[in-house]
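Values in this text are rule-based calculations from the coordinates and carry no lab data. Treat the numbers as computed from the prediction; the structure is a model and nothing was measured. Note that each Cβ is placed from the backbone with ideal geometry, even for glycine, and that neighbours are counted across all protein chains shown.
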């Protein structure tokens, strides 16, 4: 059975397609973006992104969707992690 794909709209105005269960980091890289990382265990929040208005930690959650036409991704900005 062929996996269904969903359109992802990234902050750099690139649109890509992904399957359920795909890794956020790999799909972002294919769109020319790098999601910041920290602990990679879900504890620090450095990798948080906003997907359709909900916060997702891509280090512990793969792409998931159901009955959604597309995923709109925005990067969360946390002043603690911003470099001067």
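At a glance:
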quantity: Highest-MSF residue in the chain out of 26, 66, 43 [GNM, Cα springs under 10 Å]; calculated: 66
quantity: Calculated [θ] (222 nm, deg cm²/dmol) that DSSP helices of n ≥ 4 give over the chain, each run adding -39,500 (n - 2.57); calculated: -2000 deg cm²/dmol
quantity: DSSP-defined antiparallel bridges as percent of all bridges, the chain, nearest 5; calculated: 80
quantity: FRET efficiency, 1/(1 + (r/R0)^6) with R0 25 Å, evaluated for residue 41 and residue 14 via beta carbons; calculated: 0.30
